[in-house]
Structures are given as structure tokens and as C-alpha cells.
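> Below: one structure in C-alpha cells.
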Amino acid sequence: MMNNPNRAQRIAVIPGDGVGAEVTAAAMSLLEAVEGLDPSVRLETESLPWGSDFYAEHGAMMPADALAQLDEFDSIFFGAVGWPTVADDVSLWGLRLAIVQGFDQCVNVRPVTLMPGTTSPLAGRGADEIDFVVVRENSEGEYSGVGGRSHRGLAEEVAIQTSIYSRRAIDRVARHALELAAARPAAHLTSVTKSNASQYASVLWDEVVAAAAAERPEVAFDSVLVDAAAARLVLDPGSFDVLVASNLHADILSDLTAALAGSLGVAPSGNYHLDGRHPSMFEPVHGSAPDIAGKGVANPVAAFLCLAMMLEHLGHEPAGAAVRAAVSATCGGGVLTPDLGGANTTDEVVAATVAALPERGAELRREERV
């Protein structure tokens, strides 16, 4: 998305539940610092109090006209959803998935890399091997919401959940993944599937992805069964670069890739609407983490990297690069929250990252003058 210098871009901020509010506040503090360094970054944010507290008061996770409200914004920054007082299916389908499907945010991109100053739980592995992008089909598959239950509460109760795979959805996510892979040094795409057991849906997936890959000979391509992919990520992580998979498979594997980088707290994501009619949405993948909410130790790194992804999507690539560099400097300097083995608070990580920005801001301004 290109930046229009004649107006400020509007950002809908949905802090949501638990640590979502904490890391969102951290990201907004960093955004304020970025705007102070780069006058071309003009973002107007509006916080929307939707989530489990809203549900407790209104009986819904967001207002009935929420999508119409959100459609007036250029982008969405989302914290997390989920709280013990609300059933998980209610909170997820009532907020996040309602936005994703309502705006056809059909591609979910989850990059993860081993940050400086951190270690992988895989002994001896470095950043050259823990560097992945998981591309998730985000509109259908196992999250299509098709199915039902009959004979509730009886011994013969039956639940049916139907996965929907369409040629159109598979093709567009495959082509997006190929484009991302082509821009990376390894230029390697792995399709993750389960076609030995799923003889209809996964076989269609294999056929469509392979056909798209054949049109991009500059990208090395292979296809791996999901169980084998999980094992290979642990045994030989450096053999992967970009992975593309169905909604469920990519959801699970992206948690694994984040764990290989040390923590879910370092993994950002972007939910992309591809043709510009609706806003895209950026969110950390770590969830609401009720066990640490309110303790001041939530890791804001994933939210910072979401901010970088959002800035780049909105046409502010130098600002996004400055955020990434500041995050790397903070982690490399040993300012880490407990999930990464450190002893720092959320606020201390925010302060260190903001302090790392001015030098990058000077570089950013020099780049603009060239």
C-alpha cells in the first residue's frame, strides 16, 4: 500500500484481552517515537474497546456494525483475544475471525527469526538456521466454520466439522508465498500438506500449489507432509525458508517456528487483504496469556515487529526498517523479558527500544534526502 502524503493514515487499534492491551500500548509508545523522528509517518490511531470485557457488558465481542466502522481505516493493529470468562470459540469467532473473514484477509504471514542476544532451544542453532516465514491460507480450510452438532447431550451426539478448500484460495496464497520466497536470499518455498490421508482437499492443495510453483522456476520448491515437516523443523531447521500451508497446519507450525526462535513473544503476523478494498490487520501471535497478564513482563517484541510490518505495508519502509533495527539492538543488548531468559519488564524493553531509535532515525532521514 502506498503512502498518501496529503493525509494522515488512520489506524484502528484493538488492544483486546490480557497482555494484548499491554503489548499494544508498548507498540503505540514506539510508534509515537517513530513519528517524532520521521515526519512522513503520520498515523492517526483510534482505540476500540472490543473484546471479552465488551462481551461481558454487551453480549458480543464487538458491535454489530464493527466491520463498517473498521472499513473506514487504513489498517488495523490488533492485540489479542481470549479470556477464561468467555468460551474460546465465542471470543475467536466473535472478534478476530469475524474481521479476518469479513474483510477477506486471505493471507496470513508469520515471519520469525532468532533475535540477537537470544538462543534457540535447539542446541547450537543460529540465526542462519532459525529464519522462517510461514504463509497461512487464512480464509477457509479447517477454519471455514461449516458443520454442526445433532442429538446434543445424548449418547448418540454427533459433531461434524467440514474443511473447505477452493482452487481460488489455494492459488492466491501460493502465489503470495512464491512472491515472498523470490525476494529472499534462499528463494525456497515448501508446501506443507497431508495428501496421504486427506485424499480430496490436500490433493487439490498439492495440485494447485505445484502448478503455481511451476510458473516461478527461480524459486526452489518442494512439498512435505505436515508430520514430516514438524520433525524436520526440529532436526534440520535450516532446510526451510518459506512455508505455505493450510489454515490449521500453518497455525500449528508457526507456533513451532516461534518456539524454535525462543518464544511466541517474538513472532508477529500480518493478515493481508490483497486488493486494497479493505484494511489489513497486524497482530502478535502469542495470544492473551492470562497467566502473566497484569504482571508487567509481557514481551512486546512481537508487537514491535507487527508495527514494522504495518509501517512497511502502509508505504513507510524506512520507518519499518528503523523499528526492526531498534528491536535487534535492544535484544542484542540483553534487554529481554523472562520468556527469553531475561529479567526485564515490558516497560524496560519499551524504553530500551525507543532509546535505540534516534540513531536509526538519523539514518532514516539521510536515506530520505538521497
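> Describe numerically, in nm with one decimal, the distance between label points set 7 Å from Cα along Cα→Cβ at L274 and at I252.
Between L274 and I252, the label points sit 2.5 nm apart.
> Could you calculate, for the range 186-294, the ratio of the Cα radius of gyration to the Kirkwood radius, expressed as Rg to Rh?
Across the range 186-294, the Cα-based Rg/Rh ratio is 1.01.
> Length gain on complete extension for the stretch A183 to E156, per 0.36 nm per residue less the alpha carbon to alpha carbon distance?
Full-extension gain reported as 4.4 nm.
> With +1 on each Lys and Arg Cβ and -1 on each Asp and Glu Cβ, how big is the dipole of the range 149-224 about its Cα centre, in debye rounded to the nearest 20?
That gives a dipole near 240 debye.
> Report the charge-dipole magnitude of the range 127-188 in Debye, nearest 20, computed about the Cα centre from +1 at each Lys and Arg Cβ and -1 at each Asp and Glu Cβ.
Magnitude of the dipole: close to 340 debye.
> Between E72 and R10, what is the spin-label point distance in nm, taking each point 7 Å from the Cα along the Cα→C-beta axis?
Calculated label separation equals 0.5 nm.
> Oh, and also: Short version: ³J(HN,Hα) in whole Hz for each residue of the range 240-248, in order, from phi by Karplus 6.51 cos²θ - 1.76 cosθ + 1.60 (θ = phi - 60°), x for Gly and Pro, what are they?
Each residue's phi maps through the Karplus curve to give 10, 10, 10, 10, 10, 7, 5, 3, 6 Hz.
> Just G82, G148, G287 to compare: in a GNM of the chain, with alpha carbon springs under 10 Å, which one fluctuates most?
G148
> Looking at the range 266-341, which chymotrypsin sites (Phe, Trp or Tyr not before Pro) are DSSP coil and have at most 10 other C-beta atoms within 10 Å of their C-beta?
Nothing satisfies the criteria.
> Rounded, prolate or oblate for the range 1-118? Axes are the square roots of the Cα gyration tensor eigenvalues, ordered a ≥ b ≥ c, and the cut-off for rounded is a/c under 1.5.
prolate
> Once you order the gyration tensor axes a ≥ b ≥ c over the Cα atoms, which shape class does the range 27-74 get: rounded for a/c under 1.5, otherwise prolate or oblate by comparing a/b with b/c?
Here the range 27-74 falls in the oblate category.
> Among L97, L67, L189, which one shows the highest mean-square fluctuation when the chain is modelled as a Gaussian network with alpha-carbon springs under 10 Å?
Maximum fluctuation in the GNM of the chain, among the listed residues, is at L67.
> Still on this structure: Please label the shape of the range 130-225 as rounded, prolate or oblate, based on the square roots a ≥ b ≥ c of the eigenvalues of the alpha-carbon gyration tensor (a/c under 1.5 means rounded; beyond that, a/b larger than b/c means prolate, else oblate).
Prolate.
> Something else: Sketch the reach of a paramagnetic label on H58 as a point 7 Å from Cα along Cα-to-Cβ, and name the residues of the range 260-303 whose backbone nitrogen lies under 14 Å away.
none
> List every residue whose amide H lies under 5 Å from the amide H of I130, counting only residues 5 or more places away in sequence or on a different chain, with H placed 1.01 Å from N in the peptide plane.
Answer set, sorted by chain and number: L114.
> Given the Cα-Cα distance of S47 and R149 and 0.36 nm per residue of separation, how much length would full extension add, in nm?
Here the answer is 33.0 nm.
> In addition: Work from the charge dipole of the chain (Cβ charges, +1 for Lys and Arg, -1 for Asp and Glu, about the Cα centre) and give the residue of T113, P185, G94 farthest towards its positive end.
P185
> Can I ask one more? Using the crude model of +1 on Lys and Arg Cβ and -1 on Asp and Glu Cβ, and no other charge, please compute the dipole size for the range 269-347 relative to its Cα centre, in debye to 20.
60 debye
> Now for a different question. Taking loop as defined by DSSP and a crowding limit of 10 other beta carbons within 10 Å, which GluC sites (Glu not before Pro) in the range 9-115 fit?
Those that pass, being in a loop and sparsely packed, are E72.
> Please list the non-local residues whose amide H lies under 5 Å from the amide H of D241, H modeled 1.01 Å from N, same-chain partners needing a gap of 5 or more.
Residues meeting the criterion, in which the H sits 1.01 Å from N, are T190.
> While we're looking at this one, here's another question. For a quick check of your reading of the filter: which chymotrypsin sites (Phe, Trp or Tyr not before Pro) in the range 169-242 sit in a DSSP loop and have no more than 11 other Cβ atoms within 10 Å?
Sites meeting the loop and neighbour criteria: Y200.
> Here's something else I'd like to know. Okay, helix-only estimate at 222 nm for the chain: each DSSP H run of n ≥ 4 adds -39500 (n - 2.57), divide by all residues, round to 500 deg cm²/dmol; what do you get?
-12000 deg cm²/dmol
> Over all Cα pairs of the chain, how is the pair count split among 10 Å bins, expressed in % and running from 0 up to the last occupied bin?
5, 23, 33, 27, 10, 1, 0, 0
> Positive end of the charge dipole of the range 214-273 (Lys, Arg +1 and Asp, Glu -1 on Cβ, about the Cα centre): tell me which of L243, F221, A258 has its Cα farthest that way.
Ranked along the dipole, the leading option is A258.
Each value in this text was obtained by applying a stated rule to the coordinates, not by laboratory testing. Everything quoted here is computed from the prediction, not taken from an experiment. Neighbour counts run over all protein chains shown; Cβ positions are idealised from the backbone, glycine included.
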